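In what follows, a structure is listed as structure tokens, so that the remarks can point back to it.
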Amino acid sequence: MKELMISLLLWIGTNSTLMVENVILPQVKFTSSEEMHRIFSMEDNCGDTTVKALYDIHNKEIYLLDDWDKSNLIDRSFLLHELVHHLQKQKGYECRQKKEEEAYELQFKYLKESAIDNPKEVLHINDLFYIIMTTCDIF
């Protein structure tokens, strides 16, 4: 896992302005969907979007679902997304949604470079969800 995280961090450093030098790797924990919902106080029904990974900024831990598979490109992209959040602690953002926008855009780019033509489709992200997750002061 350490080697994979380092390679993903190097990719992030090459493809963004986020600082990856001297970063301390976060802890990674595997958990069930139910436990992830409990830990992050999420409703049981999250709509059509399946939560596959989350970052706990306070404990500097990445939570991945038990069925996460490092050989699966999509699963690796979720780890990349959460590593972006780990790196974002150092940088100022006008709102939480801008952090999500940066993380999603890097995740999409990573998938496109791996021959995934429509990352939103394979991640089950529709346009409305994306707008809500990435637009500051939408309501």
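The values are calculated or read from the model by the stated rules, or taken from the named source; none is laboratory data. Source: prediction; values computed, not measured. So basically every Cβ, Gly included, is an ideal-geometry build from the backbone, and we count neighbours across all protein chains shown.
Below are the figures for this structure:
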| item | result |
| --- | --- |
| Search result, residues across region 7-21 that are of a type outside the set (A, V, I, L, M, F, W, C), assigned to a loop (DSSP other than H, G, I, E, B) and surrounded by 11 or more Cβ atoms within 10 Å (Cβ to Cβ) | SER16 |
| Residues (touching a residue at least 24 places away in the same chain (Cβ under 8 Å), within 13 Å of ILE12 (Cα to Cα) and of a type in the set (D, E, K, R)) located in region 100-123 | GLU102, LYS109 |
| Test set (1) farther than 24 Å from LYS112 by Cβ; (2) at pLDDT below 95; (3) touching a helix residue (DSSP H, G or I) at 6+ places or on another chain (Cβ under 9 Å) - ASN59 fails condition number | (3) |
| Helices (runs of 4 or more DSSP H) fully within region 44-139 counting 2 or more residues that are over 13 Å from the mean Cα position of the chain (by Cα) and of a type outside the set (Phe, Trp, Tyr) | 96-113, 119-122, 127-134 |
